[in-house]
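Input: a single structure, listed below in structure tokens.
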Amino acid sequence: MKVLQFEIKKIFSKFKNRMAVLILLVILVAVSMLTMNRVEYIDSDGNHVSGMPGAKSLRAEKNKWKGNLTEDVLKEVARENASINNSTEALSDDNEQQDKAYARKQGISSIAELINNAFSEWRDYNYYAIDNVSIEEAGSVYERRVSNLKKYLDSGEEIFTDLEKEFLIQRYEELKTPFYYEYTDGWSALLQNVSTFILILALIIGFLVSGIFSDEFQTNADAIFFSSKLGRNRAVLAKMGAGFAVTTVFYVVFLLLYTAIVLAALGADGANCPIQMDMWRSAYNITFMEAYLLIAAGGYVGTMFASTLSMLASAAMRSTATAIIVPFIVLCAFPFLSRVITLPGICSFFPDQLLEIYITIKEFNLVQLGGRIMNVATLIIPAYALACLLLWPLLYRIYRKAEVS
């Protein structure tokens, strides 16, 4: 235990690593503020209010419609929308008056968006679709979601196998309806920005662990390290333990800090609402909370994979600079490579996709394994977790057998 503590202290004894932690704290505050400003409210005078005050007012308006979105509720939303459209403010040519009319729609905006999605072309969202549907039609949202998918699959716009089509239709039909609804803008804003924060967090963690193994060679302390009684076994394990601890603790603590700041400011309501409230076409039948946990799990595995490769480079190449570059290659260069390679099936399995689970949840990223169709996220997370487990013994072996310079 003391050896592990000593290795962790060595990491943070370096000025560059302490500065990296300070930079991470600044980034945490900056990204949190940007995320909070995603939520905006327009008051009765047409003034735009963002951040915590705006979220508080918007939550109060939207939660007036809290409950199950039954056919009758959907029809009532369509009636309310039509009533506002025919108001004096909405029909005015004055922008300020129109803002006042829009302010009255904020309470039903998320529900109206569901109706818009149901009555829009598959790849062409129509913001005004709700204005052109009858009250009776507005109640058929859930049926249209399934029928629109079937129409899209039969259109030939995308190529899906019969098994994939069957899988998607089954997932759509299995989605529990009517949706439970309440204010979800806090979770929506969090999920939209969390992948960016996780990427920055992963890169900084990779920087912190990059010198754990190579620094012994660069400071010419390797002769002393390997000649000590436990230098080639317990001491090596202590270095690995330090890398694992720093990666895990930093990831969990900073992700929880970011999550707590955003949800404290914007509200944590809607955790158990279906993700389709925000991602209408998603084939993942999960809630906002479950989507967050899936994104967090993918981010952790991706961060651990990049950090492990960084430590492997540190041990094998004896170069901290090389080790620092590795996470950038794994997490930043691969997305550019995926734009060059015209094989989306292969690109879906690149390690950077672990930090893009949010996009995976939105899209139809499917894979067939042993005659079974599954979503990509459910495959790559355990696959890369297993890869990490296999790389740790290799890391131990490489550093344990290192020759003294």
Once exposed loop GluC sites (Glu not before Pro) are cut out (DSSP; at most 12 other Cβ, 10 Å), longest piece of the chain: 159-402
Residues of type lysines that Lys64 reaches as a straight line, Cα spacing below 25 Å, ignoring anything fewer than 8 places off in the same chain: Lys56, Lys75, Lys100, Lys105, Lys176
Förster radius 35 Å - calculated FRET efficiency between Tyr127 and Thr378 (Cβ-Cβ, nearest 0.05): 0.60
Heavy atoms of Phe244: accessible area, 1.4 Å probe, square angstrom to 10: 100 Å²
222 nm mean residue ellipticity, helices alone, for the chain (DSSP H n ≥ 4; -39,500 (n - 2.57); rounded to 500): -21000 deg cm²/dmol
From the coordinates shown, Cα Rg over 2.2 N^0.38 Å corresponds to which of [x] 1.19; [y] 1.02; [z] 1.32: [x]
Region 381-391 - phi-based ³J(HN,Hα) in whole Hz, Karplus 6.51/-1.76/1.60, Gly and Pro as x: 5, x, 5, 6, 4, 5, 4, 4, 4, 6, 6
Two-decimal Rg/Rh across region 29-160, once Rg and the Kirkwood Rh are taken from alpha-carbon atoms: 1.04
Residue order for Val31, Val26 - accessible surface, 1.4 angstrom probe, largest first: Val26, Val31
Dipole in debye (nearest 20) - the chain, about Cα centre, beta carbon charges: Lys, Arg +1; Asp, Glu -1: 2820 debye
Accessible heavy-atom area order of Lys100, Lys9, highest first, probe of 1.4 Å: Lys9, Lys100
Accessible area of the chain divided out per residue, in Å², using a probe of 1.4 angstrom: 48 Å²
Under 30 Å from Lys2, Cα to Cα: lysines that are on another chain or at least 8 residues apart: Lys10, Lys14, Lys16, Lys229, Lys239, Lys401
Surface accessible to a 1.4 Å probe, Cys347 within the full protein complex, Å²: 10 Å²
Arg397 accessible area, 1.4 Å probe, all protein chains in place, Å² to nearest 10: 150 Å²
Sequence-distant residues sharing a close amide H with Tyr41 (under 5 Å, placed H): Val49, Ser50
Mean shadow area of region 157-216, taken as a quarter of the surface of its Cα convex hull (nm²): 8.9 nm²
Charge-dipole axis of the chain as Lys and Arg at +1 and Asp and Glu at -1 on Cβ define it, positive-most pick from Ser310, Ile11, Gln106: Ile11
Phi-based couplings in Hz for region 277-287 (Karplus 6.51, -1.76, 1.60; Gly and Pro marked x): 5, 10, 10, 3, 8, 4, 9, 8, 8, 9, 8
Long-range amide H partners of Thr287 with built H, under 5 Å: Ile275
Residue among Tyr358, Tyr41, Tyr152 with the largest mean-square fluctuation in a Gaussian network model of the chain, springs linking Cα atoms under 10 Å: Tyr152
For the chain, with +1 on Lys and Arg beta carbons and -1 on Asp and Glu, the positive-most of Tyr142, Leu34, Gly46 along the dipole: Leu34
Solvent-accessible ranking of Asp352, Asp278, largest area first, probe 1.4 Å: Asp278, Asp352
Whole-Hz couplings from phi, Karplus 6.51/-1.76/1.60, listed for region 251-257; x for Gly and Pro: 4, 5, 5, 6, 5, 5, 4
Portion, in percent, of the accessible area of the chain that falls on carbon or sulfur, probe 1.4 Å: 59 percent
Set of lysines with alpha-carbon distance to Lys150 below 16 Å, sequence-local pairs under 8 removed: Lys165
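The values are calculated or read from the model by the stated rules, or taken from the named source; none is laboratory data. Source: prediction; values computed, not measured. Reconstructed Cβ throughout: ideal geometry from the backbone, glycine too, with neighbour counts over all protein chains shown. All accessible areas refer to the heavy atoms of the entire protein, side chains included, with ligands and DNA or RNA removed. Shrake-Rupley method; radii C 1.70, N 1.55, O 1.52, S 1.80 Å.
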